[in-house]
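**Q** Sharing a structure, written as structure tokens. Questions coming.
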Amino acid sequence: MASAKVFVLRTCDGETFEIDESVAYVSETIKNMIEDGFGHDLIPLPNVSSKILLKVIEYCRKHVSNFESSKKTSNGDEKDKDNDSWKKEKEAVPEVEKDAEEKARVEELKEWETTFIDIDQQVLFDLLQAANYLNIKGLLVMAAEKAASMIRGKTPEQIRETFNIKNDFTPEEYEDIRKKDAMNDFTPEEYEEIRKKIADNHFTPEEYEQIRKENAWAIE
Amino acid sequence: MAEFTEKITEEEAIPTKNLPEVLIADILSRLPVKSLLKFRCVCKTWCALIADPAFVKEHLNRSLASNSNLSLIFRRCALFSVDLDTCEQRAAVELDHPLKSPHLATEVLGSCNGLLCISNSDEDILLWNPSIRRHHKLPITPIEFPVRFDSPRLIVYGLGYDPTTDDYKLVRVVQFYGDSEYSCDSEVKVYSLRTNSWRRIRDMPYHLSYERGFGVLNNSWRKIRDMPYHLSYKRGYGVLANYALHWVAMRETGRDTASTFIVSFDLQDEYYREIPLPDFVDDEFHMTVGVLGGQLCLLCNFFRVRVEVWVMKEYGVRDSWLKQFSIEQPDVISSFMFVRPICYSKNGDVILDKDSEAPLLLYDSLRERVRNLRIRGAPDRMETEICVGSLVPLNAKDGTEQPAMMKKHRKHKKRRFMEQRAG
């Protein structure tokens, strides 16, 4: 079982946190630091705030306990131990969990994950950066997937707000991208055809609504 | 306004209000193509990122590895498509494709990394990426082999990707049948998108099983073991797995007997090989080859009794053949002649094409049961294909030959079993 060894982490806002070795090792970065001999004193994490580290530790603890309980079920094997495959990205050739206990564990984990990652956008971005710096693959994947699902349906303007990005296209370049390129949703001819159809009212209400929703930024 | 931080190392990862580009790229690589096309106009950095070949590759790899961004393509003269993940909730819509014509039926010759190869005839073939709406017309290449007026002709195609040259290739195999039932001559040509040209290569020394043939000059039925095969059945396109195309071939094993086997055409070294088959206990079946989740599979059709689906878990390794499941011909579901796996659904069930007609079949792996899968808006008779949404561009050669991209003929000593490519 896990050794009694304990490490102390210090965040950028000066707070300290004590964690078990097994929990610490979930972070490749911390693991490397410990193995390089930096574990005796405080391990400084100047890039992580206490609020975020709390979340990270929560994740790491869940990871460790999940691994322990998976070892107990008949399907427990080494593959779950590795950081890289804990949050198994959906596989192209899925393994079907036939063992009931294992199934229940997987279900519970999914629910826990959903609740865990249900956080606001700024916390999510901070968590993403922390997971990247601390090299915790499973957490990184979870946060990135959540971020992707959050921005998927946004308009470009909303994206700029979310990521604090400046629109550095000139008005001409912008029009260019919108209309000219074949990679756009509509070629200029198609766009023209659609405008005409709208004018002649050739769309069914559903079609019109569908186009509006899909191309809100193109037409409006 | 704050600017983007450039790609930074771990030591410098100060938590900023803005995400570093490497994380942005990670997030974007999980989005569907439609969103990415929209986001090109967010700013110049994003525009460049989304068009960057490395990003396109990462996005594609992620889609393939996670079985996402997939669409079902239905073909019945016109082309229809529906997202795999919502195929039971949403209706299929007709695709507006560059070869669309009221008089001609469009075939799908292959699907690879988001590119579809479509054609209205042997002279009218396109590579088309329906997600980004770009296409490229292939030059016409004649059949050099002298046509014998009365010998039936089989023309089959296969589309695939060559990772050593980062090139998309279309293979055309033309076979003429001689006097003896199993003798044939062939002409094989390979088209490379990178050079935008066809090349004739060594002939295929195998007789392709023609029951999926098309283009027979005389409209006759051919029989094997008293089973008539419908000529309207789908063309025998090459099955893509592990950077190779596969067909079922036949060889004579005695007078009036033949055995079938799988021939592969490696897109990298352009050699033909035979794929070892499992040791079948009962071999009174009709065999076809397919691909499921990027893995080569065999369909063993015990007509009117059951169909077994065998999957080669490790490409090229004979012992890795696994009988994944079998579908009995129950009374509940109407009987079928041919079954072909299309893909895994999002929860691990297997979607299969049955006799090229609606409805599709859904095999529930957990409960080991089959049910019908009806897709609204899909035609009643159709061929089904899978296509991944990708940003893969169709940049064909623009006239300048670049030595770095010339094909390297390498004899592969070791097969690459990882990274299946399909769809």
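**Q** Got a sec? Which of B:Pro98, B:Pro102 is at pLDDT below 95 and more than 24 Å from the chain's Cα centre (by Cα)?
**A** B:Pro102
**Q** Looking at the range B:279-304, which of its residues are of a type in the set (Gly, Ala, Ser) and over 15 Å from B:Lys323 (Cβ atoms)?
**A** Within the range B:279-304, B:Gly293, B:Gly294 qualify.
**Q** Scan the range B:176-208 residue by residue and report those that are closer than 26 Å to B:Leu127 by Cα, in a loop (DSSP other than H, G, I, E, B) and modelled with pLDDT under 90.
**A** B:Arg202, B:Asp203, B:Met204 - these are the residues of the range B:176-208 that are closer than 26 Å to B:Leu127 by Cα, in a loop (DSSP other than H, G, I, E, B) and modelled with pLDDT under 90.
**Q** Within the range B:309-335, work out how many residues are modelled with pLDDT under 90 and either in contact with a Leu (Cβ under 8 Å, 6 or more places away or on another chain) or of a type in the set (Ser, Thr, Tyr) (or both).
**A** Looking only at that region, the number is 5.
**Q** Those residues that are at negative phi and within 14 Å of chain A (Cβ to nearest Cβ), I need them from the range B:349-381; list them, please.
**A** B:Asp349, B:Val350, B:Ile351, B:Tyr363, B:Asp364, B:Ser365, B:Leu366, B:Arg367, B:Arg369, B:Arg376
**Q** Anything in the range B:126-156 that is outside any loop (DSSP other than H, G, I, E, B) and either surrounded by 23 or more Cβ atoms within 10 Å (Cβ to Cβ) or at pLDDT below 90 (or both)? List them, or say none.
**A** B:Leu127, B:Trp128, B:Arg134, B:Arg153, B:Leu154, B:Ile155, B:Val156, listed by residue number.
**Q** So which residues in the range A:2-36 are closer than 23 Å to A:Lys137 by Cα and surrounded by fewer than 13 Cβ atoms within 10 Å (Cβ to Cβ), if there are any at all?
**A** Residues satisfying the conditions are A:Ala2, A:Val6, A:Glu18, A:Asn32, A:Glu35, A:Asp36.
**Q** What tally of residues in the range B:56-87 results from selecting those that are within 14 Å of chain A (Cβ to nearest Cβ) and either at pLDDT 95 or above or closer than 22 Å to A:Met142 by Cα (or both)?
**A** 15
**Q** Also: Would you check if B:Val173 is under 18 Å from B:Leu208 (Cβ atoms), in contact with a Lys or Arg (Cβ under 8 Å, 6 or more places away or on another chain) and at pLDDT 80 or above?
**A** When the stated conditions are applied, B:Val173 does not pass them.
**Q** Hey, can you tell me all the residues within the range B:271-301 that are of a type in the set (D, E, K, R) and loosely packed, with under 15 Cβ neighbours inside 10 Å?
**A** Within the range B:271-301, B:Glu274, B:Asp279, B:Asp282, B:Asp283, B:Glu284 meet the criteria.
**Q** Ok, one more. Just a yes or no: is a residue in the range B:330-343 of a type in the set (Phe, Trp, Tyr) and closer than 30 Å to B:Cys77 by Cβ?
**A** yes
**Q** So, in the range A:144-166, exactly how many residues are buried (at least 17 other Cβ atoms within 10 Å of the Cβ), free of Cβ contacts under 8 Å to residues at least 40 places away in the same chain and facing chain B (nearest Cβ under 9 Å)?
**A** 10
**Q** Also, I was wondering about something else. How many of the residues in the range B:375-391 are hydrophobic (A, V, I, L, M, F, W, C) and over 25 Å from B:Gly236 (Cβ atoms)?
**A** Counting residues in the range B:375-391 that are hydrophobic (A, V, I, L, M, F, W, C) and over 25 Å from B:Gly236 (Cβ atoms) gives 1.
**Q** Within the range B:45-55, count every residue that is out of contact with any helix residue (DSSP H, G or I) (no Cβ under 7 Å at 6 or more places or on another chain) and away from every other protein chain (no Cβ under 12 Å).
**A** Looking only at that region, the number is 3.
**Q** Please verify whether the range B:47-58 includes one or more residues that are among the basic types (Lys, Arg) and either buried (at least 21 other Cβ atoms within 10 Å of the Cβ) or under 24 Å from the mean Cα position of the chain (by Cα) (or both).
**A** yes
**Q** A further question on this structure: Sort through B:Lys346, B:Lys313 and tell me the only one that's in contact with a helix residue (DSSP H, G or I) (Cβ under 9 Å, 6 or more places away or on another chain), within 14 Å of chain A (Cβ to nearest Cβ) and surrounded by fewer than 20 Cβ atoms within 10 Å (Cβ to Cβ).
**A** Result: B:Lys313 is the single residue among B:Lys346, B:Lys313 that is in contact with a helix residue (DSSP H, G or I) (Cβ under 9 Å, 6 or more places away or on another chain), within 14 Å of chain A (Cβ to nearest Cβ) and surrounded by fewer than 20 Cβ atoms within 10 Å (Cβ to Cβ).
**Q** List the number of the failed condition for B:Phe325; all other conditions in (1) without any contact (Cβ under 8 Å) to a residue 12 or more places away in the chain; (2) within 14 Å of another protein chain (Cβ to nearest Cβ) hold.
**A** Every listed condition holds for B:Phe325 apart from (1).
**Q** Pull up the range B:5-44, narrow it to residues that are at pLDDT below 50 and facing chain A (nearest Cβ under 7 Å), then point me to the one that is farthest from A:Leu127 (Cα to Cα).
**A** Checking each candidate, the answer is B:Glu10.
**Q** Continuing with the same structure: Please go through (1) surrounded by fewer than 16 Cβ atoms within 10 Å (Cβ to Cβ); (2) modelled with pLDDT of 70 or more; (3) not aliphatic (A, V, I, L, M) for B:Thr165 and return the number of the only condition it doesn't satisfy.
**A** Of everything listed in (1) surrounded by fewer than 16 Cβ atoms within 10 Å (Cβ to Cβ); (2) modelled with pLDDT of 70 or more; (3) not aliphatic (A, V, I, L, M), B:Thr165 misses just condition (1).
The values are calculated or read from the model by the stated rules, or taken from the named source; none is laboratory data. Every value quoted in this text rests on a predicted model; they were computed, and no experiment measured them. For neighbour counting, all protein chains shown are included, and Cβ atoms are generated from backbone atoms with ideal geometry for every residue, glycine included.
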